[in-house]
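Heads up: the structure comes next, in structure tokens.
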Amino acid sequence: MPGELRLPIWNPLTVSLSARYDRFKAADTTFSKPTYNLGVEYRPFESLLLRGQYGTAFKAPTLADEFQGPSGFYSSTNDYLYCHAQGGYDVGQIADCLNDPNLNQVYTQPQYFGTQAGNPGLDPITADNWSYGVVWAPSAKFSIGADFHHWNIKNEVATQSVDQLMKDDLNCTPVAQGGTGLLDPNSGVCQATFNQITRNDQGQLQTVFVTKINVAREVLNAVTLDTHYNQPLGSWGDLAFKGSWSRNLKHEQQTYAGDEVINLLDNGYYSRDPHYRANASVAWNKNAWTTTLYANYIGPTGNSIAWNDLRGFEAPGGGYVGSYTTYNASLNWDVTPDIQVSFITTNLFNKMPDMDTHSYNGFSGAPYNSDMFDVYGRAYYLEARWNFGKSK
């Protein structure tokens, strides 16, 4: 049940308000919550705009997240606890562990029976977000804007990773039992890990259970900068320049209530997201034709050592892999007002990810940040769009 209102208080000030009420029922559980968004725009003079907004959000878990039936599978995984307890190997040294002739290879990378199922006990996702910023447009051709953004998300639904469970098993197990003891064994994440991993009397991995969980809290602060410039060229058409830059200032996560708050921004073990991103484009339009060149920049990300060691960037050899820039190009033709044809090239210069050859152990994933980059290279697309019943 939504509603929306936009109200000019007086000439320089505008207030907008939207609200809705959602109610869901699944089995014997009912989720309901009102949400709203309040925005304010103030223009003290024609070329300057001050703006801000505050809003709330609500999302019920999907039926699959809650009620997916148990399904079994067989797989294998790295047993970091065995490698550490028997050979003294850290997570980042898993390749050495797997090649150690003195260790039983049946234990270092054991096969196990896994079970995956939904979680009927999931809570709905809720969030608060607010932002404020300024836009300066000294002319009709040029504008620049800057905004600060804040998100506070509670009960976000996430799928557990077997590899992460095995790493948590190592770090939750006390030193006296062969683990690192870096995490409190009484914490929520450790208690969940111990309940989901089964070993036999010899310590060999037997079963692993994975499900969907609610992340207790996640907080993100970021700043963005956007600019636009249009340049008419007379009979030669028009040029349009756009640029955008964003910087993460804070990113924290708490997996279970009562656990330590994790700094995702500065600990490469939990996140390899870059601190900043940017993009820019230039478009030339003449009559029915538009051609655009687009650049996308991703800042440095954590290397394999930082990703695999709980100490993150503070681990020996932990650091960053360089930034990454790719280019896309497109050519669009408006055949008629209702029909458009486009030819698009992505990754124009066939840019490959920077290979993490210095720290990659060769036994997991790929020698690059597969969460951020791919190795598909240049690709071509031909698209046609036909808008039916477009208003004249």
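When both bridge partners sit in the chain, DSSP labels roughly 95% of those beta bridges antiparallel.
What the pair-distance distribution of the stretch 168-218 shows, using all Cα-Cα distances binned every 5 Å from zero, is 5, 19, 24, 27, 16, 6, 3, 0 percent.
When the pairs Lys25/Lys212; Lys33/Lys212; Lys141/Lys250; Lys154/Lys351; Lys167/Lys250; Lys154/Lys242 are compared against a 29 Å limit on Cα-Cα distance, Lys141/Lys250; Lys154/Lys351; Lys154/Lys242 fall above it.
When peptides 25-32, 381-388 are ranked by their average number of other Cβ atoms within 10 Å per residue, the highest-first order is 25-32, 381-388. In the Gaussian network model of the chain, springs joining C-alpha atoms below 10 Å, which of Asn102, Asn279, Asn350 carries the largest mean-square fluctuation? Greatest mean-square fluctuation among the candidates belongs to Asn102. Rg/Rh for the stretch 299-354 stands at 1.38; both radii use Cα atoms, and Rh follows the Kirkwood definition.
With each run of n ≥ 4 DSSP H residues scored as -39500 (n - 2.57), what mean residue ellipticity at 222 nm is computed for the chain after dividing by its residue count and rounding to the nearest 500 deg cm²/dmol? Write down the numbers at each step before the final one.
Details: 7 runs with 47 residues, N = 392.
So the helix-based figure for the chain works out to -3000 deg cm²/dmol.
Separation of the stretch 62-78 and the stretch 240-267, taken as the distance between their Cα centroids, equals 28 angstrom.
So what is the relative contact order of the chain, in percent, for Cα pairs below 8 Å that sit 6 or more residues apart? Present the calculation step by step, with values, prior to reporting the outcome.
Details: 917 pairs, mean separation 40.3, N = 392.
10 percent.
Is the shape of the stretch 21-101 rounded, prolate or oblate, going by the alpha carbon gyration tensor and its root eigenvalues a ≥ b ≥ c, with a/c under 1.5 for rounded and a/b larger than b/c for prolate? Provide the component values of the computation, followed by the final result.
Numbers: a/c = 5.40, a/b = 1.76, b/c = 3.08.
Oblate, because a/c is 1.5 or more while a/b does not exceed b/c.
Take the alpha carbon gyration tensor of the stretch 127-284, find the square roots of its eigenvalues, order them as a ≥ b ≥ c, and report rounded if a/c is under 1.5; if not, report prolate when a/b exceeds b/c, else oblate.
On the way: a/c = 3.88, a/b = 2.94, b/c = 1.32.
The shape class here is prolate.
Relative protection proxy for 266-276, 201-211, from highest mean packing down: 266-276, 201-211 (other beta-carbon atoms within 10 angstrom). Between Ser143, Ser244, Ser235, the GNM of the chain built on Cα springs shorter than 10 angstrom shows Ser235 fluctuating the most. Where the alpha-carbon atoms of the stretch 16-152 are placed on the principal axes, they occupy 76, 45, 25 Å, in descending order. Among the protein heavy atoms, those of His228 account for about 80 Å² of accessible surface (1.4 Å probe, every chain in place).
If you wrap a convex hull around the alpha carbons of the stretch 206-300, what volume per residue comes out, as a whole number of Å³?
Details: hull volume 16.8 nm³, N = 95.
Convex hull of Cα atoms, per residue: 177 Å³.
How many angstrom lie between the Cα centre of the stretch 19-36 and the Cα centre of the stretch 271-292? Each part's Cα centre sits 39 Å from the other's.
Hey, any idea what the orientation-averaged projected area of the convex hull of the stretch 109-195's Cα atoms comes to, in nm²? Provide the component values of the computation, followed by the final result.
Numbers: hull surface 44.4 nm².
The Cα convex hull of the stretch 109-195, projected and averaged over all directions, gives 11.1 nm².
The chain gives an Rg/Rh value of 1.03, both radii derived from C-alpha positions and Rh following Kirkwood. What you get for the chain, charging only the Cβ of Lys and Arg (+1) and of Asp and Glu (-1), is a dipole of about 1640 debye around the Cα centre. Given +1 at the Cβ of Lys and Arg, -1 at the Cβ of Asp and Glu and no other charges, the dipole of the stretch 1-121 around its Cα centre is 820 debye to the nearest 20. Mean sequence separation of contacting Cα pairs (under 8 Å, at least six apart), scaled by the length of the stretch 1-128, corresponds to a relative contact order of 23 percent.
For the stretch 80-229, give the magnitude of the charge dipole about the Cα centre (Cβ charges: +1 Lys/Arg, -1 Asp/Glu; no others), in debye to the nearest 20.
260
Among Asn285, Asn155, Asn37, the largest mean-square fluctuation in a Gaussian network model of the chain, built with springs joining Cα atoms closer than 10 Å, belongs to Asn285.
The values are calculated or read from the model by the stated rules, or taken from the named source; none is laboratory data. Remember, it's a predicted structure, so these values are computed and weren't measured experimentally. Backbone-built Cβ (ideal geometry, glycine too); neighbour counts: all protein chains shown. Only protein heavy atoms, including side chains, enter the accessible area calculation; ligands, DNA and RNA are left aside. Shrake-Rupley method; radii C 1.70, N 1.55, O 1.52, S 1.80 Å.
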